[in-house]
Amino acid sequence: MDPKAYGALPSYEEKSAICRVVSRLNRVLDGKRYGLFGPGRWGSNDINLGVRVGYEDINSFRRLFIKHTGLSPKHYRNKFSLSFRDSVN
């Protein structure tokens with residue numbers, strides 16, 4: 001994705017649509033070797049600084065994470081954030 005084209009998108013909704021496309025591409029291309037290149041800081045909470053994706057949307061990270069933990073990043077986060085909260089209460 002061209003960084004200038006992304007920056008020129010006029011609305012939050014259009015930039016959010018890019019995030020949804022990235023998520024769909026990751027699901028469709030799962031198991032294949034590919035690279036997605038885009039502007040700024042991928043995963044940033046500020047959609048104007050880069051494509052807002054979560055770790056689960058960054059395919060190679062997700063596969064590596066599952067290989068080493070046996071859980072998706074989302075399931076890992078849910079499992080251990082609950083156990084952490086239980087231990088401090």
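The values are calculated or read from the model by the stated rules, or taken from the named source; none is laboratory data. Quick caveat: nothing in here was measured; it's all calculated off a predicted structure. Positions of Cβ are generated from backbone atoms using ideal geometry, with glycine treated the same way; all protein chains shown enter the neighbour counts.
Quick notes on this one:
- For region 41-67, taking the residues that are among the β-branched types (Val, Ile, Thr) and outside any helix (DSSP H, G or I), the one that is nearest to the chain's Cα centre (by Cα) is identified as 53.
- Residues that are surrounded by 11 or more Cβ atoms within 10 Å (Cβ to Cβ) and either of a type in the set (Val, Ile, Thr) or in a helix (DSSP H, G or I) (or both) within region 25-40 comprise 25, 26, listed in sequence order.
- Number of positions in region 1-20 that are closer than 23 Å to residue 74 by Cβ and surrounded by 13 or more Cβ atoms within 10 Å (Cβ to Cβ): 4
- Test: residue 40 is in contact (Cβ under 8 Å) with a residue 24 or more places away in the chain and on the phi > 0 side of the Ramachandran plot: yes
- Looking only at residues of region 41-69 that are among the aromatic types (Phe, Trp, Tyr) and surrounded by fewer than 17 Cβ atoms within 10 Å (Cβ to Cβ), we find that the one that is modelled with the highest pLDDT is 61.
- Residue pairs whose Cβ atoms lie under 9 Å apart, sitting 6 or more positions apart in sequence or on different chains, and linking a residue in region 1-12 that is under 15 Å from residue 46 (Cα atoms) to a partner that is basic (Lys, Arg) and at pLDDT 85 or above, are 6/15; 9/15.
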